[in-house]
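Since the structure comes first, as structure tokens, the remarks are kept for the end.
The values are calculated or read from the model by the stated rules, or taken from the named source; none is laboratory data. The model shown is predicted, which means the values in this text are computed figures rather than measured ones. Counting neighbours? That spans all protein chains shown, and the Cβs are built from the backbone with ideal geometry, glycine included. Remember, those area values only see protein heavy atoms, side chains included, never the ligands or the DNA or RNA. Shrake-Rupley method; radii C 1.70, N 1.55, O 1.52, S 1.80 Å.
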Amino acid sequence: MSAGALDRQWRERADAVIPGGMYGHQSTRLLPDSYPQFFSRAKGARLWDADGRPLLDFMCAYGPNLMGYGDEEIDSAFVDQLRRGDTLTGPTPLMVELAERFVRLVGHADWAMFCKNGGDATQMALMVARAHTRRKTIIIARGAYHGANPWCQTRTAGVTPGDKAYQILCDYNDVSSLEAAAEQAGDDLAAIFAAPLKHDAFVDQALPDPAYAQKARDICDRTGALLVVDDVRAGLRVARDCSWATVGVSPDLSSWGKCFANGHPISALLGSDKARKAASAIYATGSFWFQAAPMAAALATLNRVETSTYLEDMMSLGEHLRSGLAERAEAHGLGIRQSGPVTMPLVLFEDDPDLRLGFAWCSQMLSRGIYLHPWHNMFLCAAMTETDISSALDAADQSFRAVKQDPRSTEVNSKLSFLLA
Ligand code: PMP
């Protein structure tokens, strides 16, 4: 199966006017050939590709879709505010209400600052920590993603060693490597950046070990450095609080983005009183950071977060999906590993170093109308239903069978040869 005719046409046109045809995480360069690059619309848990094929979407826009695409109530709040005024000469009072809402919702937060993308929030966290401590060095877990800014991105093109100066890497959930990194930082430690869970691409996810989270807290308390939890991806899919509330550890700063306005563009840095002075000292701004319409959408989304069972519902769907996939893979004699929170599933195949089986299975699923990802964690949204999960499991059954029956037909994907190198 290949991408549709219209998608192919759009790709050709894109190749002429968009560098590389597409860039960043939205590029399908590292996805099976059958995956569409362009989409035309979305509603609830479904999106339609440029050729008009409906797909049950387990990527949720890489996170922003939390309550369902095109949620009537949230989008009405957005549109009503858009009509009243959006990007203005200054913010509307919605900004204060939204900050108050976050302070009420998130245990460690005494204040909030708003920006656009997750990377803006992690960048601000970095500046606040350095301003607070007047130190430079930060500890980051190897392989963790904190955005596309030069200091934290994993590619090398256009990035200088200077951009990545004053960083020490540790291994996630490895207490002794965290201690060694802190030792190496000596008296220059400004911050420990922590992913709320290990959700790196291509490898199994891992929930935070409470001992690791506590060690990060202890090191920061001992040295005066700030603890930052980057909740841009996992926020509101693990807890109605900072995700490390689940292991009883409060950070000084947390970065948020993606889903808290259900797809409307806004992100946030939240902080405790300890970091308030430094947060008011840094210069951080952007032309669109004060847009009122996404703030209205965020308030409507957070209302739903506080008053509905969206999280429990997503968890029960996620458990159904996980146990159903495990049963069906086993029935076909295929080994799969499922990791991470059930609301952010990742499925990798055993003995699949070049992801050939994963690619084949995802291609099969796509041909049955289910959009999965072979190597990045996926996302559930609250618009999914038990019927959706059951239909995904039926498709999974057929797709496992197809992969099992004819493993030679699996796509040998030259795109992934770098994994073997
Ligand atoms: N932090 C994490 C954990 C993320 O997953 C992402 C985006 N995938 C970012 C930061 C950056 O967010 P954005 O792409 O909105 O800048």
Quiz prompt | In the range 106-125, the residues that are away from the ligand (no atom under 16 Å from the Cβ) and surrounded by fewer than 19 Cβ atoms within 10 Å (Cβ to Cβ) | solution = Gly107, Asp110, Trp111
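Can you spot a residue in the range 234-243 that is within 16 Å of the ligand (Cβ to nearest atom), out of contact with any Ser or Thr (no Cβ under 9 Å at 6 or more places or on another chain) and closer than 30 Å to Met59 by Cα?
Initially, the range 234-243 is screened for residues within 16 Å of the ligand (Cβ to nearest atom), giving 234-239, 242-243.
Subsequent filtering for residues that are out of contact with any Ser or Thr (no Cβ under 9 Å at 6 or more places or on another chain) retains none.
Scanning the range 234-243, I find no residue that is within 16 Å of the ligand (Cβ to nearest atom), out of contact with any Ser or Thr (no Cβ under 9 Å at 6 or more places or on another chain) and closer than 30 Å to Met59 by Cα, so the answer is no.
Which residue, of Gly286, Gly333, is part of a loop (DSSP other than H, G, I, E, B) and closer than 28 Å to Val403 by Cα? Let's see the steps before the verdict.
On the way: Gly286 fails: closer than 28 Å to Val403 by Cα.
Matching residue, one of Gly286, Gly333: Gly333.
Give the range 58-91 a look and list any residue that's among the β-branched types (Val, Ile, Thr), in a helix (DSSP H, G or I) and out of contact with any helix residue (DSSP H, G or I) (no Cβ under 6 Å at 6 or more places or on another chain), or say none.
Keep residues of the range 58-91 that are among the β-branched types (Val, Ile, Thr), which gives 74, 79, 87, 89.
From what is left, the residues that are in a helix (DSSP H, G or I) are 74, 79.
Within the range 58-91, just Val79 meets the criteria.
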Quiz prompt | Exclusive hit being farther than 21 Å from Arg233 by Cβ, at pLDDT below 95 and not assigned by TED's automatic domain parsing to the domain that holds Ala300, set Asp33, Asp15, Asp51 | solution = Asp33
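Could you tell me which of the residues Gly68, Gly158, Gly147, Gly63 is open to solvent by less than 10 Å² (accessible area, probe 1.4 Å) and more than 14 Å from the ligand (Cβ to nearest atom)? Walk me through how you get there before you give the answer.
Details: Gly158 fails: open to solvent by less than 10 Å² (accessible area, probe 1.4 Å); Gly147 fails: more than 14 Å from the ligand (Cβ to nearest atom); Gly63 fails: more than 14 Å from the ligand (Cβ to nearest atom).
It is Gly68.
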Quiz prompt | Residue among Asp218, Asp209 that alone is more than 20 Å from the chain's Cα centre (by Cα), farther than 25 Å from Met295 by Cβ, acidic (Asp, Glu) and surrounded by fewer than 19 Cβ atoms within 10 Å (Cβ to Cβ) | solution = Asp218
Quiz prompt | Condition broken by Asp188, with the remaining ones in (1) away from the ligand (no atom under 16 Å from the Cβ); (2) over 20 Å from Met124 (Cα atoms); (3) out of contact with any Cys (no Cβ under 9 Å at 6 or more places or on another chain) satisfied | solution = (2)
